[in-house]
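Reading through the structure tokens given below for one structure.
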Amino acid sequence: MYFFKKKPISKHASIKNLSTLFILFFSLLATAQIQYEKGYIIDNSDNKTECLVRFLDWDNNPEKFEYKLTENGDIITGDVNSISKLEIYNKIIFVSKTVDIDINTSKSNELNKNPELELTKKRIFLHLLVQGKANLYFYNDANTRRFYYQMDSKEIILLEYKKYIRDDNRIAKNENYKGELWNNLKCSSLDLNSINKVKYKQADLIAILETFNSCKNELTYTFKREKRKDVYNLTLRPGINFSSLSLDNPGTNQTLIRDLDYDQEVSIRFGVQLEYMLPTKRRKWSVTLEPTYHYYKTEKNYSTIPNSESGQSVTATVDYSSIEIPIGIRHYSLLNTDSKLFISGSYVLDISLKTDIVFSESLKYKGDTGNNLAFGIGYVFKDKYSIEARLNTSRELLKNFDEASGDFKSFSLIFGYTIF
């Protein structure tokens, strides 16, 4: 029977790997350039200026933005009070107007019993969705989503819509926008039934304004969303592992070895990742599954009786290979239209193919491996090429031995090529 004395896990390798991880992260962050897109601005004096605009794919309508006159020029800030129009070519158009704003929230858990809108005047950037005889605009902030329309370049009118709580505590809707559309969008292609079917949603309102403008032969512009990317991604993921192993008291009554630390080894890993993009705004979250083959082979010479000439020199070998199955979640942060960073966390199932640790003919172990966690940060270019630095927490290789302990650590540099 062998006796093993548990020792505290060394933090040296983890600290070293973490340092490498963060150095890589900040290097990526520092070298990744925020993209400026070609466009133009028109100021309040109706002066048009071609420029490069920092495109942030805004969640909410911006109040200000950054632009440059040349690629290497100074960054200038434009805002809703100084700029009357902003266009990023083939992307988006904003116009600055003073309009009615409903101060009520659209959040279902904060509704009141008043069916009427509470309006105030405010200068804002409106997102142009449809342009023609009738224009359609959209405004979105943290609390509300509202649509506006404009006939023949006249006053911009709020399309009224509000959810409220009835006296019986049921949710009702003020849908005055339907009457507004029916009274003003007179066209042979539109009838009352088609207006009544229009929901207070971007797709529905764009469609009805497109129909009206086409009917009048005056449709000049429609905002087009970028084509939704595939829900599933399949990525080849080769990489390099930097792995080490520490054993506790791998000795017998005749050997006095208290512990044995193997040197870090470099090996190849290969995985295939299936990624499901969750249906969140701009697809920032995903779930991943990544079956991966890896191996770790090493050896170390030691004396059966340390610090004594009477001890024998023995070579201890390790031959470990397995299929890892990380099941994880990933979050993306957009840098520009071509580049994004991500962070990830995974629970790693380990299916051992071979876990042989041999000290001598009389001292051999066939280990049973445990599972672990993994955390990574990475960079994606054009949704095709990627690189990730991943740190794995310790994995037990000898969990089938009550007193034994084999502490396996690894750090991975992973390259990715997305097939679809």
*So for the stretch 91-222, what percent of the C-alpha to C-alpha distances run longer than 20 Å?*
46 percent
*Given the peptides 335-347, 387-399, arrange them by the average over their residues of other C-beta atoms within 10 Å, most packed first.*
387-399, 335-347
*Using θ = phi - 60° and the Karplus curve 6.51 cos²θ - 1.76 cosθ + 1.60, what whole-Hz ³J(HN,Hα) does each residue of the stretch 382-394 get, with Gly and Pro shown as x?*
6, 6, 10, 10, 8, 9, 9, 9, 10, 10, 9, 6, 4
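For the pairs LYS48/LYS91; LYS97/LYS340; LYS201/LYS384, flag any whose C-alpha to C-alpha distance is greater than 27 Å. Mind dumping the intermediate values first?
Numbers: LYS48/LYS91 18 Å; LYS97/LYS340 33 Å; LYS201/LYS384 33 Å.
Over 27 Å apart, Cα to Cα: LYS97/LYS340; LYS201/LYS384.
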*Relative contact order (percent) for the stretch 91-222, with alpha-carbon contacts under 8 angstrom and 6 or more residues of separation?*
23 percent
_Size of electric dipole in the stretch 96-140: Cβ of Lys, Arg +1 and of Asp, Glu -1, about Cα centre, debye, nearest 20_ = 220 debye
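Taking the Cα centre of the stretch 91-222 as the origin, how large is its charge dipole in debye, to the nearest 20, when only Lys and Arg (+1) and Asp and Glu (-1) carry charge on their Cβ atoms? Intermediate results must be reported in sequence, preceding the final value.
Details: 22 positive and 17 negative charges, 50 e Å.
Computed charge dipole of the stretch 91-222: roughly 240 debye.
Each value in this text was obtained by applying a stated rule to the coordinates, not by laboratory testing. Bear in mind the structure is a predicted one, so any value in this text is a computation, not a measurement. Cβ coordinates were reconstructed from backbone atoms using ideal geometry, including for glycine residues, and neighbour counts include every protein chain displayed.
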